[in-house]
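Only one structure is covered here, and it is reproduced in the block below.
The values are calculated or read from the model by the stated rules, or taken from the named source; none is laboratory data. Owing to the predicted nature of the structure, the values given are computational and were not obtained by experimental measurement. Because the Cβ atoms are built from the backbone with ideal geometry, glycine has one as well, and the counts that use them run over all protein chains shown. Accessible surface is based on the protein model in full, side chains and every heavy atom, while ligands, DNA and RNA are left aside. Shrake-Rupley method; radii C 1.70, N 1.55, O 1.52, S 1.80 Å.
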Amino acid sequence: MLSVLGLGALGTLFGSHVQAGISGLLNSVHANGLASVLPGGGQFTIYTVTNGYPAAPADYRLRVGGLVERPLSLSLGDLQSLPATHLTRDFQCVTGWVVSGVHWVGVRLSDLADHAGVQPSARAFRFTSFDGVYTESLTLEQARQTGAIVAYSMLGAPITREHGGPVRLYVPDMFGYKAIKWLSGIELVTQAPPGYWEQNGYPVNAWISGQPPAAPKV
Ligand SMILES: Nc1nc2c(c(=O)[nH]1)N[C@H]1C(S)=C(S)[C@@H](COP(=O)(O)O)O[C@H]1N2
Ligand SMILES: [Mo]
């Protein structure tokens, strides 16, 4: 019987049942408390690749070095005294969870690079974490295209230890794995080395939509 019906006829006959089935499924997902896997409904899942959440040393400094004219060593206060950028954007992990409308405050990565003076041979940033393991990278062009910030505030408050405080990266339009936590080092390098998760199978192309936005942010 089914084999003699065309796809158009199937759609007409069963379309309304298919619709009801999908909304029923979504309702049961909500009822089971799994709403965080659905766009818009979520909360952060806290990640670490070490055994815990490292505490910042009392003499915390963010170091900017590598292919720069003037290496920087910035306290949290130094960072907070630089011109601030506020962003409210969705945060999306490559595994599927999304948190909508997260508020971030920080300093543009491209501004920090300008302060340090980028040498002509530099093409990318390499980031390190004081967890001692996690790394990430971004090309200079991607920093400009995304308007990435070195963030010290998140969700309306100083970034908590679990979320990577005192300082983490936030990269608009890219998956969450770019947002390295417990940021301690920014090095200007000739090309972007794959980050921790990129060496472990996540795509080096981290654009959520697969490609950069049409108009550069900065
Ligand atoms: N140092 C460090 N940074 C990290 C990670 C991590 O495990 N360690 N996980 C990344 C991933 S995959 C995501 S989705 C976000 C999650 O941010 P959250 O832990 O604040 O929820 O942090 C990113 N930055
Ligand atoms: Mo993630």
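List of remarks:
- Search result, residues across region 73-104 that are more than 15 Å from ligand 1 (Cβ to nearest atom) and aliphatic (A, V, I, L, M): 74, 76, 79, 82, 84, 87
- The set of residues in region 33-51 being within 14 Å of ligand 1 (Cβ to nearest atom) and either open to solvent by 40 Å² or more (accessible area, probe 1.4 Å) or at pLDDT 95 or above (or both) consists of 36, 37, 43, 44, 45, 46, 47, 48, 49, 50, 51.
- The residues of region 109-140 that are charged (D, E, K, R), open to solvent by 50 Å² or more (accessible area, probe 1.4 Å) and in contact with a helix residue (DSSP H, G or I) (Cβ under 9 Å, 6 or more places away or on another chain) amount to a single one, 123.
- Every residue from region 165-186 that is crowded, with 19+ Cβ neighbours inside 10 Å and over 12 Å from the mean Cα position of the chain (by Cα): 165, 166, 167, 182, 183, 184, 186
- Failed condition for residue 104, given (1) under 18 Å from residue 198 (Cβ atoms); (2) under 14 Å from the mean Cα position of the chain (by Cα): (1)
- Residues within region 64-108 that are exposed (fewer than 13 other Cβ atoms within 10 Å of the Cβ) and not acidic (Asp, Glu), tallied: 10
- Residues that are open to solvent by 70 Å² or more (accessible area, probe 1.4 Å) and within 12 Å of ligand 2 (Cβ to nearest atom) within region 189-218 comprise 197, 200, listed in sequence order.
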